[in-house]
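Structure first, commentary second.
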Amino acid sequence: MIQIQGNTYEVVEDVRNGWSEEAFKERYSDILNKYDYIVGDWGYEQLRLKGFFDNKHRKSSADAKIGFLHEYLYEYCNFGCAYFVVKKVKEPKELKEYKEENSAPEEVSSEEKNSEQEA
């Protein structure tokens, strides 16, 4: 698991040792935040990142969905290149609720404390 810009990702595919956490962090851009998957492929010792949506995403075109991955690799990547796929991990609802419930309470001013005690 890797965290970057408030998102958590897990490596779901690593072909020919393409995964490099350091290179991923260096090349990551906030434009990639909206995607469910990010594919990184290597060509001429440069890492290129491309975002894809989940296949269930209704508003995206077919070539922007992860199901298009093999066509993308065939058409746009060097033959036999090293590549990886990371998937955005959604925070479980229970964990999110727990964090919200157990976050530090807001400070209450002394005036608010006095008005609560008088009531």
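FYI, it's all coordinate maths here, none of it is from the lab. Everything quoted here is computed from the prediction, not taken from an experiment. No Cβ is skipped: glycine too gets one built from the backbone with ideal geometry, and neighbour counts run over all protein chains shown.
When residues of the range 54-77 are filtered for being among the polar types (S, T, N, Q) and in contact with a helix residue (DSSP H, G or I) (Cβ under 7 Å, 6 or more places away or on another chain), how many remain? Full working, then the answer.
From the range 54-77, those among the polar types (S, T, N, Q) are 55, 60-61; that's our starting set.
So of that shortlist, the ones also in contact with a helix residue (DSSP H, G or I) (Cβ under 7 Å, 6 or more places away or on another chain) come out as 55.
Adding up the residues that qualify gives 1.
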Pairing a residue in the range 19-48 that is free of Cβ contacts under 8 Å to residues at least 40 places away in the same chain and in a strand (DSSP E or B) with any residue that is of a type outside the set (Phe, Trp, Tyr) and surrounded by fewer than 19 Cβ atoms within 10 Å (Cβ to Cβ), where Cβ atoms lie under 6 Å and the two sit 6 or more apart in sequence or on different chains, gives GLY43/ASN78; GLY43/CYS81; LEU47/ALA23; LEU47/ARG27
Subset tally (residues that are on the phi > 0 side of the Ramachandran plot and charged (D, E, K, R)) for the range 18-44
0
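Conditions (1) among the basic types (Lys, Arg); (2) surrounded by 11 or more Cβ atoms within 10 Å (Cβ to Cβ), marked per residue:
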| site | (1), (2) |
| --- | --- |
| GLN5 | no, no |
| GLU13 | no, yes |
| ASN17 | no, no |
| ALA23 | no, yes |
| ARG27 | yes, yes |
| ASP36 | no, yes |
| ARG48 | yes, yes |
| HIS57 | no, yes |
